[in-house]
1. Quick test of your reading of the structure: Asp27 fulfils all but one of (1) open to solvent by less than 40 Å² (accessible area, probe 1.4 Å); (2) within 16 Å of the ligand (Cβ to nearest atom). Name the failing condition by number.
2. With the requirement that a residue be away from the ligand (no atom under 14 Å from the Cβ) and either farther than 16 Å from Ala75 by Cα or free of Cβ contacts under 8 Å to residues at least 12 places away in the same chain (or both), what does the stretch 164-186 give you?
3. Could you please give the count of residues in the stretch 140-163 that are open to solvent by 20 Å² or more (accessible area, probe 1.4 Å) and within 12 Å of the ligand (Cβ to nearest atom)?
4. Out of curiosity, is Val209 β-branched (Val, Ile, Thr) and surrounded by 10 or more Cβ atoms within 10 Å (Cβ to Cβ)?
5. Anything in the stretch 149-164 that is assigned to a loop (DSSP other than H, G, I, E, B) and more than 21 Å from the chain's Cα centre (by Cα)? List them, or say none.
6. So, of the residues in the stretch 53-83 that are under 16 Å from the mean Cα position of the chain (by Cα) and β-branched (Val, Ile, Thr), which turns out to be most open to solvent (accessible area, probe 1.4 Å)?
7. Quick one: Glu225 ticks every box in (1) part of a loop (DSSP other than H, G, I, E, B); (2) open to solvent by less than 50 Å² (accessible area, probe 1.4 Å); (3) over 20 Å from Ala68 (Cβ atoms) bar one, so which box is it?
8. How many residues are away from the ligand (no atom under 11 Å from the Cβ) and buried (at least 22 other Cβ atoms within 10 Å of the Cβ) when one looks only at the stretch 100-135?
Amino acid sequence: MKILVAVKRVIDYNVKIRVKPDNSDVDLTNVKMAMNPFCEIAVEEAVRLKERGVASEVVAVTVGPKAAQEQLRTALALGADRAIHVETEAKVESLAVAKLLAKVVEAEQPQLVILGKQAIDTDNNQTGQMLAALTGLPQGTFASAVKVDGDKLQVTREIDGGLQTVDLSLPAIVTTDLRLNEPRYAKLPDIMKAKKKPLDTQTPEALGVEVASKVTLLKVEPPAERQGGIKVGSVDELVDKLKNEAKVL
Ligand code: AMP
């Protein structure tokens, strides 16, 4: 079984986000970038399926600038066998990413495609669902458990108020939720070995997909600064403040 894993280069989740002075976008100058955390979970799940003998090959794919090869090398160090880089300097929206991934799915014919449930930079939560629509493949989104049984896939989904379990027929698409697994760290020898693993570069033009933006970003604003809190002396004082100062009672 071949597994395709989509990984996105995003701003590292530990970094405090800065907005450009003209509010036109987030400032990415000299900012640490990393693999989207939900994509790390996707890579981990694919590698575990390979280690259990369920999968025979794990292919990592990204759409992004030249620097996004760093995240592909990370996926290779974590256990992916080879990588595909769809290289573009454009800011690619979810629909265009899904169209490009659909082309890769068509060429690679994986039995399973694993994506993150959302990218932490734009918080779209769209690409996996759009890819399922474009390819006509069944989808199990927000997965907290995945079990392969022959040509069937059982996915436990995190939904409001509980867990839902669905059976899908392979090939299928899964998007990862936080509790699916705890990703490993790459070991130094694996980071070295990853440098020699195959990485194929393609372009949106060669894949026949238009990546021009259909959405105009009007402005980006940082959240309001939080005011310091105070400690109240009694329940009566709290109720009084809620009534008369915050005016929420
Ligand atoms: P989003 O729909 O943008 O929130 O992203 C959800 C998931 O789609 C991510 O966790 C990735 O697995 C995949 N994805 C989104 N953008 C890209 C990209 N540029 N390259 C590869 N995978 C992507």
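The values are calculated or read from the model by the stated rules, or taken from the named source; none is laboratory data. All figures in this text were calculated on a predicted structure; none of them were measured in a lab. Note that each Cβ is placed from the backbone with ideal geometry, even for glycine, and that neighbours are counted across all protein chains shown. Surface accessibility is based on the protein's heavy atoms, side chains included, excluding ligands, DNA and RNA. Shrake-Rupley method; radii C 1.70, N 1.55, O 1.52, S 1.80 Å.
1. Among (1) open to solvent by less than 40 Å² (accessible area, probe 1.4 Å); (2) within 16 Å of the ligand (Cβ to nearest atom), the lone unmet condition for Asp27 is (2).
2. Gln164, Thr165, Val166, Asp167, Leu168, Ser169, Leu170, Pro171, Ala172, Arg179, Tyr185 - these are the residues of the stretch 164-186 that are away from the ligand (no atom under 14 Å from the Cβ) and either farther than 16 Å from Ala75 by Cα or free of Cβ contacts under 8 Å to residues at least 12 places away in the same chain (or both).
3. Final tally of qualifying residues: 1.
4. Yes.
5. Within the stretch 149-164, Gly150, Asp151, Gly161 meet the criteria.
6. Restricting to residues being under 16 Å from the mean Cα position of the chain (by Cα) and β-branched (Val, Ile, Thr), the top hit is Thr74.
7. Going through (1) part of a loop (DSSP other than H, G, I, E, B); (2) open to solvent by less than 50 Å² (accessible area, probe 1.4 Å); (3) over 20 Å from Ala68 (Cβ atoms) one by one, Glu225 breaks only (2).
8. 3
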